[in-house]
Amino acid sequence: MNNAHIINPILIPVLTFVMILSIAGCRNRSSSSSNSKVVQSPLAGKKILMVIAPKQFRDEELFIPREYFLVRGAEVTVASSATGEIRGMFERTFTPDAKLADVSAKDFDAVIFVGGSGAEAYFDDPVAHKLARDADSGSKVLGAICIAPAILAKAGVLKGRSATAFASVREILVAGGARVMDSSCVRDGRIVTADGPAAAEEFASDIVKAMTAN
């Protein structure tokens, strides 16, 4: 009898193991190829500045958009007028990367003001106002959420533009010449505003749309 094609029973488990490894390798290569598409995001190479209050920033309005931008490849810098660890309204903390007075709109593709009760500290802050005006005049994307759109209104950049904000500050927007919309999020060209934490992800999405618009 010709035994040339008879497989030694001892080798069967070994060959089975080799086949499993081979299949797994193919799947991993397919997965890696798929993941590489995620890395090639629309925000790769983009720089975003987020401004938080010196205290009592709204947690969701920082962390949800920040994560949204990071996973899409953006470089995110967080600035505040305070240094050291800052506590949010719901006890999450964050240590800013930079001092508000030391940042410039020209170094970023987007400038975003985070809300929370502490953001009122910037309502009449000349440094915050200059940052907002420089972003607007420099054709940067400019965003604000919750009560923070009042900063933009007081800086004079919402005149003749559609915007929204938390109900308590909408009169400030009207006084600043804005067309106040009863919407959770409003995008008017390069300016994006939202009315509160529930709109944090929608706000982030509209920021990305504004940054990638042709």
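Where a number appears in this text, it was derived from the coordinates with a stated rule and is not lab data. What you see is a predicted model; the values in this text were computed from it and never measured. Because the Cβ atoms are built from the backbone with ideal geometry, glycine has one as well, and the counts that use them run over all protein chains shown.
Could you list Tyr68, Tyr122 so that the one with the fewest beta carbons within 10 Å of its beta carbon is first and the one with the most is last? All intermediate terms of the calculation are to be shown ahead of the outcome.
Working: Tyr68 19, Tyr122 28.
Ordered from fewest to most neighbouring Cβ atoms within 10 Å, Tyr68, Tyr122 come out as Tyr68, Tyr122.
Out of the range 86-141, which trypsin sites (Lys or Arg not before Pro) are coil in DSSP terms and have no more than 14 other C-beta atoms within 10 Å? Let's see the in-between values first.
Details: sites: Arg87, Arg92, Lys99, Lys106, Lys130, Arg133, Lys140; in loops: Arg92, Lys140.
The qualifying sites are Arg92.
Any chance you could check the Cα centroid distance between the range 56-83 and the range 175-193 for me, in angstrom?
Each part reduced to its Cα centre gives a spacing of 21 Å.
Classify the range 47-212 as rounded, prolate or oblate from the Cα gyration tensor: take a ≥ b ≥ c as the square roots of its eigenvalues, call it rounded if a/c is under 1.5, otherwise prolate when a/b beats b/c and oblate if not. Walk me through the numbers on the way to the answer.
Values: a/c = 1.26, a/b = 1.21, b/c = 1.05.
It is rounded, given that a/c, with a ≥ b ≥ c, falls under 1.5.
Quick one: order Leu173, Leu70 by neighbouring beta-carbon count within 10 Å, fewest to most.
Values: Leu173 23, Leu70 14.
The fewest-first ordering by Cβ neighbours comes to Leu70, Leu173.
Can you give me the long-range amide H partners of Phe113? Hydrogens built in the peptide plane at 1.01 Å from N, cutoff under 5 Å, separation of 5 or more residues or another chain.
Val51, Gly143, Ala144, Ile145
At 0.36 nm per residue, minus the direct Cα-Cα distance, what do Glu171 and Thr95 gain on full extension? Give it in nm, one decimal, please.
24.1 nm is the gain from fully extending Glu171 to Thr95.
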